[in-house]
């Protein structure tokens, strides 16, 4: 998986960049408040803020991404991003004696295709800062005709053993009577949710999302995991500059 991703990134580096439109670029960006349930034993719900970037090309690509090949019906991109996992384990008091985790930074490559009533995207990511694990995501986003511009989606995730063991594994030195040593294998996960982008004016857009992520047994069976299904969401606004 790592070799395949490196080869893909090398190929993208040689790809020809399409001509850029002469029209002035507009930025539709903002901020959102976030809340994410912690799956860890004793972990607290994490409250924070994150930037919001509304892409108006209709491909529903998640996170920072830069297109290197696009048509009206499909787009290929490279990008970067952070793991969805909380590297602070929800500030759990009972897990503070475990080794500290670093924040993972992923390099990504993927593609998105428009369908009759939605989009489908495939994304492959490789961490370069912490666990050096890989993950792959296949997402379908539905585009119903609703006044609130609701977009439900379902995403199948594959998480490598390097990634899962980094977050939910327990080394022998960290084991206790009520926390046995545990080595996690690769795992599947299923994330479902709905996003909303409601324009309030020509420049201001209200944004929001709620989601639930259910993890496979390789994660759920870890002694430091309290819940195999966690929820998350955000609400905020974006402004077109």
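The values are calculated or read from the model by the stated rules, or taken from the named source; none is laboratory data. Note that the structure is predicted; figures quoted are calculated from it, not measured. Cβ atoms come from the backbone with ideal geometry, glycine included; neighbour counts cover every protein chain shown.
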task: Might you let me know whether segment 74-87 holds any residue that is surrounded by fewer than 20 Cβ atoms within 10 Å (Cβ to Cβ), out of contact with any helix residue (DSSP H, G or I) (no Cβ under 6 Å at 6 or more places or on another chain) and closer than 20 Å to residue 185 by Cα?
output: yes
message: If I filter segment 229-241 down to residues being more than 17 Å from the chain's Cα centre (by Cα) and surrounded by fewer than 18 Cβ atoms within 10 Å (Cβ to Cβ), which single residue comes out as modelled with the lowest pLDDT?
response: 241
- request: Could you grab me the full set of residues in segment 28-52 that are in a strand (DSSP E or B) and surrounded by 14 or more Cβ atoms within 10 Å (Cβ to Cβ)?
  value: 28, 30, 31, 32, 34, 35, 36, 40, 46, 52
query: Does any residue in segment 166-177 that is surrounded by fewer than 15 Cβ atoms within 10 Å (Cβ to Cβ) come within less than 7 Å, Cβ to Cβ, of a residue that is modelled with pLDDT of 95 or more six or more places away or on a different chain, and which pairs are these?
result: 171/181; 172/181; 175/181
- request: Quick one: which strands (runs of 3 or more DSSP E) lie wholly within segment 122-241 and hold at least 3 residues that are under 19 Å from residue 39 (Cβ atoms)?
  value: 150-159, 187-199, 204-215, 229-240
Residue tally, condition surrounded by fewer than 17 Cβ atoms within 10 Å (Cβ to Cβ) and farther than 23 Å from residue 156 by Cα, over segment 178-205: 10
